[in-house]
Amino acid sequence: MKDVVLLTGAGQIGMAIARRVGYGKKIVIADKNIENAKLIGETMRNAGFDVEVWTTDIASRKSIQKLIVHAQTYGEITMLINAAGVSPSQASIETILNVDLYGTAVLLEEVGKVIKKNGVGVTISSQSGYRMPALGEAIDQKLALTPTEELLDLDFLQPAVISDSLHAYQLAKRCNVKRVMAEAIKWGAKNARINSISPGIIVTPLAIDEFNGERGEFYKNMFAKSPAKRPGTADEVANMAELLMSERGSFITGADFLIDGGATAAYFYGAL
């Protein structure tokens, strides 16, 4: 039996983080698309990591619970890396709310019930959560504390009042940050910690397609007018995650970290 690292979302960011923290542990990679999980699993296995793959739909509580039961056959879950989610350019309002908002909330809740004492987790949010005006204390409270099975019943999360998929994505990512704050209290009962990271544009195969697609000029403009003047890399996100998941980050929990090369700063106070 080993300590288990649970990685949901088989992509470049999740893999980069798992490579930093997963050596000597059992890594269970879960994705709705098992082929994605197998591809990342093979890459990590060939680099010397102990990996298993599993099919999971984080929009389903039952699917998440089955994943946790499976992962526990290898040992206690000591780390969670949640990099699962859908893109506003690929998914509908309903899918974004079900996966990025509800699914993330359920995953944090269910893993929090079983996380090993002194365990740690990180969930990947997005700079998009910072692009909306403040929603106000009352809405923030509802995003943070509404029982998960009632989240999608909130009046301001009804598809009819959400303007488009980007707006839904922004709401989901704002909710992620608030749920992390609330879950940090529960995780703390086991001296466990949970944080979130909000990346900007990160170079991945999907992002490269976007750069070369119809929105390519939009991205070039964003990079040119941002302080860093470039997109980020998965390893730069993993640098932050490694700190948060190590003993050096032992006083950090319930927090979110914006890693976007200054794009949000430029959006509010610069040329963007």
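The values are calculated or read from the model by the stated rules, or taken from the named source; none is laboratory data. Remember, predicted model here, so these are calculated numbers, not experimental data. Here Cβ is always computed from backbone atoms with ideal geometry, including for glycine, and neighbour counts include all displayed protein chains. We work out accessible area using only protein heavy atoms, side chains counted, and drop any ligands, DNA or RNA first. Shrake-Rupley method; radii C 1.70, N 1.55, O 1.52, S 1.80 Å.
Please work out if A271 is surrounded by fewer than 16 Cβ atoms within 10 Å (Cβ to Cβ), at pLDDT below 95 and either touching a His at 6+ places or on another chain (Cβ under 7 Å) or farther than 20 Å from S87 by Cβ (or both).
Numbers: surrounded by fewer than 16 Cβ atoms within 10 Å (Cβ to Cβ): yes; at pLDDT below 95: yes; either touching a His at 6+ places or on another chain (Cβ under 7 Å) or farther than 20 Å from S87 by Cβ (or both): yes.
Here the answer is yes, as A271 does meet what is asked.
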**Request:** Could you list, in sequence order, all residues of segment 2-40 that are open to solvent by 50 Å² or more (accessible area, probe 1.4 Å) and either in contact with a His (Cβ under 8 Å, 6 or more places away or on another chain) or not small (G, A, S) (or both)?
**Result:** K2, D3, Q12, R19, R20, Y23, K32, N33, E35, N36, K38, L39
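If you go through segment 143-170 one residue at a time, how many are closer than 30 Å to F251 by Cβ and open to solvent by less than 90 Å² (accessible area, probe 1.4 Å)? It would help to see each step written out before you state the result.
Here is the first cut: in segment 143-170, the ones closer than 30 Å to F251 by Cβ are 143-148, 151, 170.
Now restrict to residues that are open to solvent by less than 90 Å² (accessible area, probe 1.4 Å): 143-144, 146-148, 151, 170.
Matching residues across segment 143-170 total 7.
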**Message:** K66 - would you say it is open to solvent by 50 Å² or more (accessible area, probe 1.4 Å), in contact with a strand residue (DSSP E or B) (Cβ under 8 Å, 6 or more places away or on another chain) and free of Cβ contacts under 8 Å to residues at least 60 places away in the same chain?
**Reply:** no
**Complete:** Per the filter on segment 98-147, residues within 25 Å of E242 (Cβ to Cβ) and of a type in the set (K, R) are K116, K117
**Message:** I want to confirm something. Restricting to segment 116-128 and keeping residues that are open to solvent by less than 40 Å² (accessible area, probe 1.4 Å) and assigned to a loop (DSSP other than H, G, I, E, B), which single residue is farthest from I197 (Cα to Cα)?
**Reply:** G119
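Taking the options K178, K220, name whichever one is over 26 Å from A59 (Cα atoms), free of Cβ contacts under 8 Å to residues at least 60 places away in the same chain and charged (D, E, K, R). I'd like the intermediate steps shown before the answer.
Working: K178 fails: over 26 Å from A59 (Cα atoms).
Only one candidate passes the filter, namely K220.
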**Request:** Assess whether D260 counts as being touching a residue at least 40 places away in the same chain (Cβ under 8 Å), on the phi < 0 side of the Ramachandran plot and not aliphatic (A, V, I, L, M).
**Result:** yes
**Prompt:** Just for segment 191-246: of the residues that are in contact with a Leu (Cβ under 9 Å, 6 or more places away or on another chain) and farther than 17 Å from A84 by Cβ, which one is most open to solvent (accessible area, probe 1.4 Å)?
**Reply:** K225
